[in-house]
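Report on the structure given below.
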Amino acid sequence: MKLPGFADFPFGAAALVVLVTALASGAALFLVDFRSHRAATPDLVFATFTKEHAVAYRPAIVEFEKKHGVRVQLQVVDQRALQGRLQSALQVGADVPDMVELMDGTMGIFTRGPLPDVGFVDLTDRIHASGLYDKLVQSRFGRWSSRGRIFALPHDVHPTMLAYRRDLVEKLGIDVSTLTTWEEFCRVGRQITRDYTGDGVVDHYMIDLPANQPWALRLLILQRGGGMFSPDGRVTFDNPEAVDVVCWYVKQIQGSQRISFSCDWGQTLSKAMYDGLCLFYIAPDWRTFQFQMDSPGLAGKMSLMPMPAWEPGGLRTSTWGATGLAITRQCRRFDLAWELAMYLYYDPPQLGRRFADTNILPPYIPSWSQPQFDEARAFFSGVRLGRVYADLAPDVPDEVSHPYMQQAEGKLWEAFGKVSQHHARHGEQGLRDFAAGELKRCADDVRRMIARNAFLDEPAEARR
């Protein structure tokens, strides 16, 4: 028997039937596989650089998926890898996540060229139209902006206080309520930084200040009113306020007026805290959680106070660190991404629970009425952790993002190293003039770098 139309097939009808069946089956299998692949493709891909954030987000994302009938893929990527791969992918137009969390100091890497070439969605108009701008701590937008445009949503505020060994401070007769200025703080520090046992070793230093890392110097310059850049992008870390702080700082870490010891991180820091090697520790909100986790035996022995001001009645806080959420221009469903961002970042009930788990103060002011912000913590005696940080949040100084922030930090630390060497050799003789000269030299280096970038050196009116 011959099937109609198959007469010319050289291997016969039976072989042709087998072939057609195989092709049909293969096509069906391909279609099933393709459809399953499409079904498995998430509606949004969200990348973060920190495991702690991912742990906090996962339960909320599950709720969001159920509510909207969508699938969100959460990826945890090493910060360096995320930054490098994302930058390259945005430049060549390769696939990138729909939403990305960025670390403090990295926004400038992505805004070095013309504003239309930035790979993130410009959120400025949406933030203002939604009323969100007036509900957040507005100083936090500067870190995620370039040339007046906002490219990421702030995750945190990170006000800075001083954590201290309350038991030892009280034993030594120090009244923290009088430590309202750095001048008074240092005066008391010089009295207590000494050898109490006669073994030739200092038993207590007043404060933990690093001698080989720039983080404390930078946040103190910011508190003093210096900053690395002005809002219009000018280099400012060689201004008189920065010179003041550099000279002050070097005298606290070396020489006859020294009141500090560098306690480092991790187990070294924990051992120093247990031993009372230093009494006071710079403590942004996130670091209080590290203290709790790394030194549980100090529960009830620690407390918090505002930072001393540089002048009577001056600013008593600063800030250290930040995270921001950007939506890439390749995002396929912007409105859904925006809604997820609002849910994860600015939903008050979630923020209350998240603060209880992380100690990180969110920038969304309405969330501060959640009960978790008024709860006492056994680790820090005499304070309501969330409330003391929330009280300082409106005063947190603004620090603008800049494409050359990392280069500026490196140059600031280069200048500080020279000043430290000068002080070690010559003491305070000619210290301020030398510091001013070194800071200007290094700041001028950054100015020359910026001047070579036509997009950043253009007149302000041309950027609008």
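The number of residues in segment 64-98 that are in contact with a helix residue (DSSP H, G or I) (Cβ under 8 Å, 6 or more places away or on another chain), under 21 Å from Gln350 (Cα atoms), part of a helix (DSSP H, G or I) and open to solvent by 20 Å² or more (accessible area, probe 1.4 Å) comes to 1.
Per-residue answers, yes or no, for (1) among the aliphatic types (A, V, I, L, M); (2) open to solvent by 20 Å² or more (accessible area, probe 1.4 Å); (3) outside any loop (DSSP other than H, G, I, E, B):
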{"residue": "Ala393", "(1), (2), (3)": "yes, no, yes"}
{"residue": "Ser401", "(1), (2), (3)": "no, yes, no"}
{"residue": "Ala408", "(1), (2), (3)": "yes, no, yes"}
{"residue": "Val419", "(1), (2), (3)": "yes, no, yes"}
{"residue": "Cys442", "(1), (2), (3)": "no, no, yes"}
{"residue": "Arg448", "(1), (2), (3)": "no, yes, yes"}
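Against the conditions (1) of a type in the set (D, E, K, R); (2) open to solvent by 20 Å² or more (accessible area, probe 1.4 Å); (3) more than 28 Å from Ala451 (Cβ to Cβ), Asp122 satisfies every one except (3). Assess whether Asp238 counts as being charged (D, E, K, R), open to solvent by 10 Å² or more (accessible area, probe 1.4 Å), in contact (Cβ under 8 Å) with a residue 40 or more places away in the chain and in a loop (DSSP other than H, G, I, E, B). When the stated conditions are applied, Asp238 passes them. Residue by residue through segment 297-339, note down the ones that are touching a residue at least 24 places away in the same chain (Cβ under 8 Å), under 20 Å from Val383 (Cα atoms) and assigned to a helix (DSSP H, G or I). Leu298 - this is the single residue of segment 297-339 that is touching a residue at least 24 places away in the same chain (Cβ under 8 Å), under 20 Å from Val383 (Cα atoms) and assigned to a helix (DSSP H, G or I). Taking segment 125-140 as the range and being farther than 19 Å from Gly321 by Cβ and either part of a strand (DSSP E or B) or open to solvent by 20 Å² or more (accessible area, probe 1.4 Å) (or both) as the test, the residues that pass are Asp125, Arg126, His128, Ala129, Ser130, Gly131, Tyr133, Asp134, Lys135.
Annotation: of all residues in segment 212-235 being at pLDDT 90 or above and open to solvent by 20 Å² or more (accessible area, probe 1.4 Å), the one that is nearest to Ser146 (Cα to Cα) is Arg234.
On the stretch given as segment 141-164, residues that are surrounded by 24 or more Cβ atoms within 10 Å (Cβ to Cβ), assigned to a helix (DSSP H, G or I) and of a type outside the set (A, V, I, L, M, F, W, C) total 1.
The values are calculated or read from the model by the stated rules, or taken from the named source; none is laboratory data. Note that the structure is predicted; figures quoted are calculated from it, not measured. Positions of Cβ are backbone-derived with ideal geometry, glycine not excepted, and every protein chain shown enters the neighbour counts. Accessible surface is based on the protein model in full, side chains and every heavy atom, while ligands, DNA and RNA are left aside. Shrake-Rupley method; radii C 1.70, N 1.55, O 1.52, S 1.80 Å.
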